[in-house]
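The values are calculated or read from the model by the stated rules, or taken from the named source; none is laboratory data. What you are looking at is a predicted structure, and each value in this text was computed from that prediction instead of being measured. Please note: Cβ atoms are built from the backbone with ideal geometry, for glycine as well, and neighbour counts cover all protein chains shown.
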Amino acid sequence: MKLRNALLVAYRFPPLGGSGVQRAVKLARYLPAEGWRVHVLTTGHTHDPQLDANLGDELGNDVVVHRILGYEPGAIAKKACRWLDRRIGSSSFATKWEDRLYWRLDRWWNKLQMPETEMLWVASAVKAARRIIRRHQIQVVITTSPPHSTQWVGRALQRRLSIPWIADLRDPVLDNFAYDPATRRTDRYWRRMERTTVNQASRIVVTCPELADCLQKRYTAIDASRFSTITNGYDPADRAQGSNLISRSDGRFVLGYVGSFYRAQTIAPLLEAVRRLTAARPDLAARFELRVVGSVSAQQRKFLRDTDDAFLQLLGYLGHDHAVNEMAAADALFLMTPVNKGGRFCIPSKTFEYLAFGRHIIALTHRGTELTRTLAEAGNVTLVEHGDTVRLVQALEACYESWLAGKLDQPRNQQVVGRYRRDRLAADYARILNECVCSTPDVNLVPTAGTVWEAA
């Protein structure tokens with residue numbers, strides 16, 4: 001089968017880690033089976049608190065990765081390190097100097113209160129993308145964000161080359177639960193970003209149907225057919241395997257949480273519920289453990305107490321394979337959406353891995369959302385509405401008692417869970433790619449005189 005060529009612009013890509021990387025990796029992995037060879041355009045530096053190099057191991061030969069350095073702090077530090085290494089011939093010294101330079105540049109940039117660092121990558125990415133498109137006969141461009149400045153790359157390529165552009169919004173822009181612009185200038189930047197993306201992209205793909213509805217109401221002139229919802233999902237190949245499973249012999253009930261706590265995604269209600277439960281049930285206190293796999297921001301750490309050490313284990317960020325092992329080893333899993341209004345537009349990407357790889361789920365969510373409907377339909381889930389601390393305490397206690405009795409896990413509807421396999425979602429994405437290419441005139445691929453492709 002002759003493959004068509006697609007360019008996937010994803011600033012976050014292995015060895016960078018985190019939940020947002022999964023979508024790009026799985027698209028790159030499974031689109032070739034649907035007739036699309038994927039070229040990935042990503043950053044060339046690795047200055048990030050979340051690294052997971054193993055994620056790139058699953059990519060096949062039909063995936064070509066182009067790493068480009070822009071002018072963001074991590075990229076400048078990387079370029080400076082290369083120059084220093086050539087000058088003095090000491091890579092270890094240059095690497096130490098690179099880290100120090102990066103942190104200084106990053107702090108300086110943050111003081112400027114600009115929208116986001118990755119906007120400094122856009123110009124270099126556009127230049128490189130034009131070369132990739134011409135050399136490899138790319139037929140469609142996908143820009144996945146956050147970082148949302150990535151969407152400017154798609155807009156520039158569409159404008160200059162008349163190429164179909166699919167804007168993939170993994171998270172909302174203005175309706176994000178963490179949206180809090182530092183200045184009016186920043187607010188104007190993001191409003192222009194969303195308006196331009198929605199108005200100009202050939203298709204807008206979101207991960208939550210509530211967000212698609214919200215955008216359609218905000219931009220009434222846009223035909224509803226240009227909006228598509230393709231959720232995140234799970235890959236059966238990621239399932240924890242035999243010897244990799246975490247073994248426990250301490251006889252404690254383990255409630256697992258995979259993800260970060262920051263801003264409105266707050267650990268406070270969960271901590272309060274566990275404290276109330278362990279205070280009321282001394283017999284339970286010594287047998288209850290909460291394991292958090294992910295970062296906890298400095299703001300969220302203010303909710304912690306010294307006495308929480310009796311039940312709380314903070315494991316920090318772990319690679320995806322280790323996170324899946326933690327899901328499989330827990331007796332129950334905790335899922336929550338951010339407590340504010342923006343949480344209604346959020347379906348945590350780990351939801352589907354919880355359903356596929358984990359056991360009973362306690363979900364603290366907003367009422368009447370697609371997430372709650374999906375969880376209820378899948379089964380083996382206890383739903384709790386935001387703000388109902390009493391109900392959350394009762395849910396934790398009921399799960400513990402069911403665990404003691406060996407009756408916690410109930411059958412889960414595998415037909416529902418199966419809808420969210422990554423390969424099936426990639427097939428849905430391929431249909432959008434095909435529609436865009438078939439409905440768009442040929443791309444202007446006339447080479448620029450003297451252009452030579454070089455990886456930065």
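Identify, please: which residue in the range 311-344 is out of contact with any Lys or Arg (no Cβ under 7 Å at 6 or more places or on another chain) and polar (S, T, N, Q) and is, among those, nearest to Gln265 (Cα to Cα)? Among those residues, the one meeting the criterion is Thr337. Could you go through the range 269-285 and let me know if any residue there is assigned by TED's automatic domain parsing to the domain that holds Leu335, closer than 26 Å to Thr143 by Cα and touching a strand residue (DSSP E or B) at 6+ places or on another chain (Cβ under 7 Å). No, that holds for no residue. Taking the range 400-418, which residues are crowded, with 17+ Cβ neighbours inside 10 Å and within 28 Å of Thr207 (Cβ to Cβ)? Answer for the range 400-418, where residues must be crowded, with 17+ Cβ neighbours inside 10 Å and within 28 Å of Thr207 (Cβ to Cβ): Arg412, Val417. Of the residues making up the range 259-280, at least one is over 24 Å from Trp403 (Cβ atoms) and of a type in the set (D, E, K, R).
When the residues of the range 335-363 are narrowed to those that are among the aliphatic types (A, V, I, L, M) and under 20 Å from the mean Cα position of the chain (by Cα), which ends up farthest from Arg391 (Cα to Cα)? That would be Ala356.
Pairs meeting the criteria (first residue in the range 54-72 and among the hydroxyl-bearing types (Ser, Thr, Tyr), second residue surrounded by fewer than 17 Cβ atoms within 10 Å (Cβ to Cβ) and outside any loop (DSSP other than H, G, I, E, B), beta carbons under 8 Å, at least 6 apart or on different chains) are Tyr71/Ala123. Close Cβ contacts (under 9 Å, 6 or more residues apart or on different chains) running from residues in the range 1-19 that are under 18 Å from Asp62 (Cβ atoms) and touching a residue at least 60 places away in the same chain (Cβ under 8 Å) to residues that are basic (Lys, Arg) and not in a loop (DSSP other than H, G, I, E, B) comprise Arg4/Arg37; Asn5/Arg37; Ala6/Arg37; Ala10/Arg23. Whether a residue is of a type in the set (D, E, K, R) and modelled with pLDDT of 95 or more was assessed, and Asp409 does not pass this test. In the range 84-101, the residue that is surrounded by the most Cβ atoms within 10 Å (Cβ to Cβ) out of those that are within 32 Å of the chain's Cα centre (by Cα) and modelled with pLDDT of 70 or more is Glu98. Those helices (runs of 4 or more DSSP H) of the range 265-363 in which 3 or more residues are buried (at least 17 other Cβ atoms within 10 Å of the Cβ) occupy 268-280, 320-329, 350-357. Applying a threshold of 8 Å to beta carbon distances and a minimum spacing of six or more residues, or different chains, the list of pairs starting in the range 411-422 at a residue that is farther than 19 Å from Pro348 by Cβ and ending at one that is of a type in the set (Gly, Ala, Ser) reads Pro411/Gly379; Asn413/Ala378; Asn413/Gly379. Taking the criterion of being touching a His at 6+ places or on another chain (Cβ under 9 Å) and on the phi > 0 side of the Ramachandran plot, the only residue of the range 354-401 that qualifies is Asn380.
Total residues in the range 364-393 satisfying the condition of being more than 29 Å from Ala240 (Cα to Cα) and either among the charged types (D, E, K, R) or in a loop (DSSP other than H, G, I, E, B) (or both): the figure is 9. Taken over the range 49-81, the criterion of being surrounded by 15 or more Cβ atoms within 10 Å (Cβ to Cβ), of a type in the set (D, E, K, R) and not in a strand (DSSP E or B) is satisfied by Asp52, Glu58, Asp62, Glu72, Lys78, Lys79.
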